[in-house]
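K.L.:
This is the structure I want to talk about, given as structure tokens.
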Amino acid sequence: MRISWKIFGISLLVFLVMAVSAAFSIYKIFKINGELQVISKVFAPLSDEIAQVEIAALQQELHLERVEKLEAERRISDWQQVPEQQLGSVDASPQHPQQPGQMDHLNERIQLEIGAMEQRSAEVEALLARSKQRVATAQGATNSFEDRLELAALTPSLVALERQHANFHSHSLNLIRTSGLPENTRESLEEQLEAEEAQLAEAVDELRRQISEFTIKSIADAARHEQEALYASMTATVSAGILALLLSSAVIKGLLRPMRQLTEGTRRVSEGDLSVQVPRLTRDEVGDLTDRFNAMVEGLQSTQKIKDTFGQYLDPRVVSGLIGERPEAVAGEKKIISAYFSDLADFTTISEQFTPSGLVRVLNRYLDLMSVPITGRQGVIDKYIGDAIMAYWAPPFCEDGQQAGLAVETALENQLRMTSFQHELPDLTGLQKNLPRLRQRIGIATGEAVVGSIGSEQTKNYTVMGDTVNLGSRLEGANKLYGTSILVCERTRDMTHGIAFRLVDRIQVVGKTDASRVFTPLIGDDPKTPEICGLSEEAVDAYASRNWIKARSVFQKIADLDPTDTIAPIFSNRLDLIERNGVPDSWDGIWHMRSK
């Protein structure tokens with residue numbers, strides 16, 4: 001089965017799980033809707049209607065109280081009128097001229113209150129009838145057995161309330177009709193009526209309590225259905241995720257082993273192990289990928305074999321360019337480079353003290369120590385010539401503008417490494433006494449040079465050529481003249497930052513017609529370094545301008561500041577020669593080197 005079909009099957013199963021969850025959620029939403037319908041169409045209106053019943057009943061009681069009050073006024077009027085008639089008072093008519101009209105007015109008000117009371121009673125009955133009809137309709141419409149039970153429980157309460165109201169109304173009418181009875185009889189009827197009022201209020205409260213309970217229960221049921229729908233959705237989501245993971249694991253289980261082998265093979269190839277061969281385990285796209293991976297490794301093996309062969313003779317970055325990975329690295333073109341030449345002073349004579357095997361060990365260890373800083377700072381080692389090293393810094397092997405700084409930093413580090421190399425000589429040579437003191441001389445020149453693959457059709461060499469290269473070689477040899485370890489040209493000094501340089505002299509090397517100002521970098525944080533650098537500039541300029549007295553004075557200051565200085569004594573000797581023999585006719589302030 002193709003991988004795409006397996007993925008489609010997983011998606012389909014996850015879809016089915018989510019569809020079931022959606023269906024359950026829809027069912028629960030219908031349940032929530034049913035509960036909300038019962039609340040909005042039954043319980044909420046019932047609550048409103050019961051509230052209206054209570055208001056109407058209270059109004060009915062109020063009208064009854066008014067009727068009783070008016071009846072009491074009428075009885076008082078009747079009681080006052082009887083004595084006056086019995087006494088036959090002459091002044092009766094003048095004292096109560098409006099009694100018949102007042103009685104009629106009282107009777108009229110009583111009838112109005114009785115009518116209003118009847119109207120309120122009719123409203124109560126209508127509201128209760130409407131409530132019973134609402135409950136009956138809801139019972140027939142709902143599909144929930146629980147809702148039908150709850151609605152059925154309301155019907156007896158409504159009937160009981162209706163009956164209680166009827167009793168209250170009947171006793172109210174009886175009390176009104178018995179206005180002529182003795183006072184104690186009326187008091188008994190009023191107490192009975194008050195009991196009926198209390199029972200009616202209790203019936204209303206009981207019905208309201210039932211409706212409130214059923215409303216709260218419906219709200220709770222709706223919340224429960226909502227929670228169940230939420231839990232179902234969460235469960236379905238989690239289940240779908242777990243199902244997808246399980247099915248994905250099952251589907252990729254057959255792919256996992258070859259993919260792991262390919263991953264491991266890729267890792268080993270990236271680490272340089274090209275002996276990898278991954279067996280094909282499946283007949284799907286992964287199997288095709290395995291075949292192509294093995295073919296790629298075979299191609300890399302051929303390429304690496306070439307690199308390994310030539311990498312022993314050329315910088316690996318040059319080899320990469322030669323085999324086509326970086327063709328711009330081998331094209332012959334002019335670039336700004338820093339040429340680096342180093343040599344061990346008098347090593348030919350010193351090597352005569354070593355056995356052949358000792359000499360090989362010394363050279364190998366020396367070249368190994370000196371090469372690490374060169375390649376570590378993006379330099380390219382051009383060649384080894386005995387104990388001499390030729391290297392250079394140039395784009396694209398290093399960033400343009402950084403050539404000189406990298407070369408000088410390498411030279412300074414190699415000077416420091418000479419100390420540890422000197423300590424290793426006993427073990428390398430087997431000599432414990434009379435060990436020679438090895439000194440390294442380094443020359444660095446920066447400028448234009450031709451960089452590229454140079455040679456015949458049969459034999460080529462990737463190297464650098466030009467005046468800059470020759471100058472670097474001559475500066476290495478010029479160290480012998482000044483007793484210095486490192487000499488650099490002025491352009492190297494200008495392109496290097498963060499390192500102090502001391503002006504040494506103005507020289508003209510063999511093979512060049514122009515003079516060059518040469519400098520030596522100063523190692524360490526000696527507080528006298530800035531002063532020596534300034535005095536050197538002043539002294540060399542005074543010497544070049546034939547200001548012999550000033551030149552001698554300033555060089556003497558340098559010698560006083562640094563008794564180990566090797567440059568100041570050289571100029572002092574020159575000044576002594578000039579003082580004894582006079583200035584040569586061809587003297588121009590430049591030291592002309594006659595040998596390499």
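K.L.:
Which angle from 0 to 90°, rounded to the nearest 10, does the C-alpha axis of helix 285-311 make with the longest principal axis of the chain?
P.N.:
20 degrees
K.L.:
Hey, another quick one. In whole angstrom, note down how far apart the Cα centers of segment 330-382 and segment 211-277 are.
P.N.:
62 Å
K.L.:
Share of segment 314-524's accessible area from carbon and sulfur, percent, 1.4 Å?
P.N.:
Details: 4600 of 9170 Å².
Exposed carbon and sulfur together represent 50 percent of the surface.
K.L.:
With labels modelled as points extended 7 Å from the Cα through the Cβ direction, what inter-label distance (nm, one decimal) is found for R580 paired with D400?
P.N.:
For R580 paired with D400, the spin-label model returns 5.4 nm.
K.L.:
How much length, in nm to one decimal, is gained on full extension between N573 and I7, taken as 0.36 nm per residue of separation minus their Cα-Cα distance? It would help to have the intermediate numbers written out before the result.
P.N.:
Details: separation 566, 0.36 × 566 = 203.76 nm, distance 9.05 nm.
Stretched fully, the N573-I7 segment lengthens by 194.7 nm.
K.L.:
While we're looking at this one, here's another question. Counting DSSP beta bridges with both partners in the chain, what percentage is antiparallel, nearest 5? Each step should come with its number before you reach the end.
P.N.:
Details: 36 of 41 bridges.
The answer is about 90 percent antiparallel.
K.L.:
To the nearest 10 degrees, how steep is helix 467-482 against the longest Cα principal axis of the chain, on a 0 to 90 scale?
P.N.:
70 degrees
K.L.:
Carbon and sulfur: what percent of segment 526-595's accessible surface (1.4 Å probe)?
P.N.:
Numbers: 2170 of 4110 Å².
Taking all protein chains in place, segment 526-595 shows 53 percent carbon and sulfur surface.
K.L.:
Oh, and also: Can you give the accessible area of H497 in Å² (nearest 10), computed on protein heavy atoms with a 1.4 Å probe?
P.N.:
150 Å²
K.L.:
Would you mind checking segment 469-494 for residues with the amide N under 16 Å from a putative spin-label position 7 Å along Cα→C-beta of D346?
P.N.:
Backbone N within reach: 479-485.
K.L.:
Calculate how steeply helix 44-87 sits against the longest principal axis of the alpha-carbon atoms of the chain, using the helix alpha-carbon long axis, and give the answer as 0 to 90 degrees to the nearest 10.
P.N.:
Taking the Cα atoms of the chain, the angle to 44-87 is about 30 degrees.
K.L.:
Relative contact order for the chain: what percent, with Cα pairs under 8 Å and sequence separation of 6 or more?
P.N.:
Values: 704 pairs, mean separation 62.0, N = 596.
Worked out over the chain, it gives 10 percent.
K.L.:
Roughly what would the spin-label model give for N434 and A250, points 7 Å off Cα along C-beta, in nm?
P.N.:
8.7 nm
K.L.:
While we're here: Extension gain T566-I26, at 0.36 nm per residue separation less the Cα-Cα distance, in nm?
P.N.:
Numbers: separation 540, 0.36 × 540 = 194.40 nm, distance 9.82 nm.
Gain on stretching T566 to I26: 184.6 nm.
K.L.:
Rounded to the nearest 0.05, what FRET efficiency do A201 and E226 give with R0 = 30 Å and r taken as the Cβ-Cβ distance? Could you check? Before the final figure, lay out the partial values.
P.N.:
Numbers: r = 37 Å, r/R0 = 1.23.
Given R0 = 30 Å and the Cβ-Cβ separation, E is 0.20.
K.L.:
Hey, another quick one. Using the basic label-point model (7 angstrom from Cα toward the beta carbon), what is the I499 to K528 distance in nanometres?
P.N.:
Going from the I499 label point to the K528 one covers 2.3 nm.
K.L.:
For segment 314-524, report the accessible area per residue in Å² (1.4 Å probe, heavy atoms, rounded to an integer). Please list the in-between numbers first.
P.N.:
Details: 9170 Å² over 211 residues.
For segment 314-524, the solvent-accessible area averages 43 Å² per residue.
K.L.:
Another one. Grab the Cα-Cα distance for E424 and K383, subtract it from 0.36 nm times how many residues apart they are, and report the gain in nm with one decimal.
P.N.:
Working: separation 41, 0.36 × 41 = 14.76 nm, distance 2.42 nm.
Using 0.36 nm per residue and subtracting the Cα-Cα distance, I get 12.3 nm.
K.L.:
Write down the accessible area per residue of segment 526-595 in Å², having rolled a 1.4 Å probe over the full set of protein chains.
P.N.:
59 Å²
K.L.:
If the chain were replaced by its equivalent ellipsoid, with semi-axes equal to the square roots of 5 times the Cα gyration tensor eigenvalues, what would those be, largest first, whole Å?
P.N.:
On the way: eigenvalues 3137, 338, 74 Å².
Gyration-tensor ellipsoid for the chain: 125, 41, 19 Å.
K.L.:
What percentages make up the Cα-Cα pair-distance distribution of segment 196-268 when the bins are 5 Å wide from 0?
P.N.:
Result returned by the calculation: 4, 12, 9, 8, 7, 8, 7, 7, 6, 5, 5, 4, 4, 3, 3, 2, 2, 2, 1, 0.
K.L.:
Scan around I454 for amide H atoms under 5 Å from its own, H built in the peptide plane at 1.01 Å from N, and keep only partners 5 or more places away or cross-chain.
P.N.:
N461, Y462, T463
K.L.:
Treating only the Cβ atoms of Lys and Arg (+1) and Asp and Glu (-1) as charged, compute the dipole magnitude of the chain about its Cα centre; round to the nearest 20 debye.
P.N.:
Details: 63 positive and 82 negative charges, 1096 e Å.
The calculation lands at about 5260 debye.
K.L.:
For segment 526-595, what D do you get in µm² per second when you plug the Kirkwood radius from alpha-carbon pairs into Stokes-Einstein at 4 °C and 1.567 mPa s? Can you show the working numbers first?
P.N.:
Details: Rh = 12.7 Å.
Using the Kirkwood radius from Cα pairs, D works out to 102 µm²/s.
K.L.:
Relative contact order of segment 314-524, please, whole-number percent, based on alpha carbon pairs below 8 angstrom and at least 6 residues apart. If you can, show how the numbers build up before the last one.
P.N.:
Working: 387 pairs, mean separation 49.2, N = 211.
Value for segment 314-524: 23 percent.
K.L.:
If all Cα-Cα distances of segment 314-524 are sorted into 10 Å bins from 0 onward, what percent lands in each bin, rounded to whole numbers?
P.N.:
Over segment 314-524, the share of Cα pairs per 10 Å bin runs 8, 34, 33, 20, 4, 0 percent.
K.L.:
Rounded to the nearest 0.05, what FRET efficiency is calculated for D104 and L173 with R0 set to 22 Å and r the Cβ-Cβ distance?
P.N.:
0.50
The values are calculated or read from the model by the stated rules, or taken from the named source; none is laboratory data. If you're wondering where the values come from, they're calculated on a predicted model, not measured in any experiment. No Cβ is skipped: glycine too gets one built from the backbone with ideal geometry, and neighbour counts run over all protein chains shown. Protein only, heavy atoms only, side chains kept; ligands, DNA and RNA dropped before computing areas. Shrake-Rupley method; radii C 1.70, N 1.55, O 1.52, S 1.80 Å.
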